[in-house]
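Written below as C-alpha cells is the structure these notes are about.
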Amino acid sequence: MHPALSIIVFTTFSGTGYGLLAWLGFLAPSGMLPLGRSFGVTGIALAIGFITTGLLSSTIHLGHPERAWRAFSEWRSSWLSREGVAATFTYAPALLFAGLWLFESTGTLWAICGWLAAIGSIVTVICTAMIYRSLKPIRQWRNHWVVPNYLLLAAMAGGLWLAVLLAVFDVLSPAVASLAAVLMVASAAVKSAYWHSIDKNSSGSTLASATGLPGDRPIRPLDPPHTEENYLLREMGYRVARRHAAKLRRIALVAGFGVPAILVVLAGLPGSGITSAVLALAAAVSATGGILVERWLFFAEATHTVALYYRGDATARPR
C-alpha cells in the first residue's frame, strides 16, 4: 500500500496524544500524578495538540475534505466512522477535565471526566487499528497482532511524553522511568511478533487459485492489464525491497525502542532536573521518529490482493 505521509503522521501523532491523555485520565484521579494546575493543563494541552495535529493531517488524504462529516453517519458498519465518532466524543470530557483541573476543581466530576477521556482514548485507538485489521484483502493487516501493536505503541509513546512532563516539573521517579522502559520492551516484542507473522504467513490467494490452473507450475500473465500506471497501482501496488525493509526494521527497533529505553532509564536516575528533562525529551523524540518509520513500513509492506492482477504475485517483493 502507498505509505501516504498524511496517514503516517495521523496514526503516529493521534496515537501518541491518546496514549498521553489515557495516562493522565487514569493516573491523575488516582493521586499518582502532581495535581498542580500548571502540570495538568500543560499535559492535556500537549495531548490534545498531538491528537488534533493527527486528525487534521488525516483530512489531507481525503479527496474532498469538506465531505468528511458524511463519514459519521456510517458508524453501524464502518470502523472509520466509529473512529471519527469516538474521537469527537473524547474531546468533550478531555476539555472539561482540563477546565476543571485549571480551576483546581479536582473532585468527583473531575475524576469522572478523566476516566471518560481515558476510556474514549483507548476506544479511539482500537477503532483506528480496526480500520486496517478489518480489511480482508490485505493479509498483513488481517493479523491478530495489529490491535495490540497499536495499543501498546500508543501507551508507550504517551508514557514517554508523560515522563517528559514529569522530568520538566522535576518529579520523574525511577519507578516511572522503569515502567516506561518495560512498555518499550513489550512494544518491541509485539512489533517483532507482527513482523515474524507477516513474513511467515503467505497470502491465501495466488494466480493458480484465482484462475483454477494447477499450482505446481509457475503461472504469470503474458501482458500487463494496463500500459500506464493507474490509481490502483499507485495506491495498492507499492513495493519495498526486502533489503530496504530489513534495514528500516532495524532502524525502527533501535530508534523507536532501544535508544529511548536507555535514555528514559537514565532520565529517571537521581540528578539534575535539567539533565533529566533533556534525556526524557530525547527519548520521546527518538521514539516518535522510530514509530514514524515503523508506521511507514506498516503501509509499505502491506500487499493488496489486487496485486495479483497487476503483478502476478501478491506476495512477491523485489529483492
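Would you mind finding the one in I126, I131 that is modelled with pLDDT of 95 or more and open to solvent by 10 Å² or more (accessible area, probe 1.4 Å)? Can you show your working first?
Working: I131 fails: modelled with pLDDT of 95 or more.
Residue meeting the stated conditions: I126.
Take region 190-213 and flag every residue that is surrounded by 12 or more Cβ atoms within 10 Å (Cβ to Cβ) and at pLDDT 90 or above.
Listed by number, the residues that qualify are V190, K191, S192, A193, Y194, W195, S197.
Of all residues in region 286-306, which are surrounded by fewer than 22 Cβ atoms within 10 Å (Cβ to Cβ), of a type in the set (S, T, Y) and assigned to a helix (DSSP H, G or I)?
Matches in region 286-306: T288 only.
Which count do you get for residues in region 90-107 that are surrounded by 15 or more Cβ atoms within 10 Å (Cβ to Cβ) and not aliphatic (A, V, I, L, M)? Talk me through it step by step, then tell me what you get.
Within region 90-107, the first condition is being surrounded by 15 or more Cβ atoms within 10 Å (Cβ to Cβ), and the residues that meet it are 90-91, 93-94, 96-98, 100-101, 106.
From what is left, the residues that are not aliphatic (A, V, I, L, M) are 90-91, 93, 97, 101, 106.
Residues that pass the stated criteria total 6.
Do the conditions hold for T59, that is, is it within 30 Å of W110 (Cβ to Cβ) and part of a helix (DSSP H, G or I)?
Numbers: within 30 Å of W110 (Cβ to Cβ): no; part of a helix (DSSP H, G or I): yes.
No; evaluated as a whole, the condition is false for this residue.
Quick test of your reading of the structure: W115 fulfils all but one of (1) of a type in the set (F, W, Y); (2) at pLDDT below 95; (3) assigned to a helix (DSSP H, G or I). Name the failing condition by number.
For W115, the failing item is (2).
Yes/no per residue for (1) among the aromatic types (F, W, Y); (2) modelled with pLDDT under 95; (3) open to solvent by less than 40 Å² (accessible area, probe 1.4 Å):
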{"position": "L20", "(1), (2), (3)": "no, no, yes"}
{"position": "L24", "(1), (2), (3)": "no, no, yes"}
{"position": "L35", "(1), (2), (3)": "no, yes, no"}
{"position": "L46", "(1), (2), (3)": "no, no, no"}
{"position": "T59", "(1), (2), (3)": "no, yes, no"}
{"position": "G63", "(1), (2), (3)": "no, yes, no"}
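Yes or no, residue by residue, for (1) modelled with pLDDT of 90 or more; (2) among the basic types (K, R):
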residue	(1), (2)
V171	yes, no
G215	no, no
R220	no, yes
G237	no, no
A245	no, no
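Can you tell me how many residues in region 82-107 are over 25 Å from the mean Cα position of the chain (by Cα) and assigned to a helix (DSSP H, G or I)?
5
The values are calculated or read from the model by the stated rules, or taken from the named source; none is laboratory data. Quick caveat, the model's predicted, so the values are computed rather than measured. No Cβ is skipped: glycine too gets one built from the backbone with ideal geometry, and neighbour counts run over all protein chains shown. When the accessible area is computed, the model is the full protein with side chains, heavy atoms only, and any ligands, DNA or RNA have been set aside. Shrake-Rupley method; radii C 1.70, N 1.55, O 1.52, S 1.80 Å.
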